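Colleague: Here it is, the structure, as structure tokens.
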Amino acid sequence: MAFHSVAGLILLVLPIYAVARKAAPPYFALVSVGALLIGIGGVALATIAAGRPLLPLDLVLTILPYVLLGTIVFVGAGALLRRK
């Protein structure tokens, strides 16, 4: 569990830091948006597994595919877009 937390924070903070330092193009910050989405989905699932859900199970399972799709779109866009 500790590894997931550290990896999630790195994926959230590092792209924003790189964009702020102008070491990466601005659209690379979209990777952080994708990381935030997957983090929210992970927290929702973890609280259900812990027995103290933040949201009802039916709602989490209903929105989870859309959260995962958003994650793929934002991480992919942030990683693959190029300057013209």
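Colleague: What is the one condition in (1) closer than 22 Å to Pro65 by Cβ; (2) within 15 Å of the chain's Cα centre (by Cα); (3) exposed (fewer than 12 other Cβ atoms within 10 Å of the Cβ) that Ser5 does not satisfy?
Modeller: (1)
Colleague: Exactly one of these conditions fails for Ile63: (1) under 24 Å from Val13 (Cα atoms); (2) more than 13 Å from the chain's Cα centre (by Cα). Give me its number.
Modeller: (1)
Colleague: Residues being farther than 18 Å from Gly78 by Cα and either surrounded by 13 or more Cβ atoms within 10 Å (Cβ to Cβ) or not hydrophobic (A, V, I, L, M, F, W, C) (or both): count how many of those fall in segment 12-53.
Modeller: 12
Colleague: Any residue at all in segment 67-79 that's free of Cβ contacts under 8 Å to residues at least 60 places away in the same chain, assigned to a helix (DSSP H, G or I), in contact with a Phe, Trp or Tyr (Cβ under 9 Å, 6 or more places away or on another chain) and surrounded by 15 or more Cβ atoms within 10 Å (Cβ to Cβ)? Break it down stepwise before answering.
Modeller: Residues of segment 67-79 free of Cβ contacts under 8 Å to residues at least 60 places away in the same chain: 67-77, 79.
Narrowing the set further to residues that are assigned to a helix (DSSP H, G or I) leaves 67-77, 79.
If we keep only those that are in contact with a Phe, Trp or Tyr (Cβ under 9 Å, 6 or more places away or on another chain) too, we end up with 77, 79.
Adding the requirement that they be surrounded by 15 or more Cβ atoms within 10 Å (Cβ to Cβ) leaves 77.
So far as segment 67-79 goes, yes, one or more of its residues are free of Cβ contacts under 8 Å to residues at least 60 places away in the same chain, assigned to a helix (DSSP H, G or I), in contact with a Phe, Trp or Tyr (Cβ under 9 Å, 6 or more places away or on another chain) and surrounded by 15 or more Cβ atoms within 10 Å (Cβ to Cβ).
Only the coordinates and a few stated rules stand behind these numbers; no lab work does. Values in this document were obtained by computation on a predicted structure and should not be read as measured data. Heads up, the Cβs are rebuilt from the backbone with ideal geometry, glycines too, and the neighbour counts pull from every protein chain shown.
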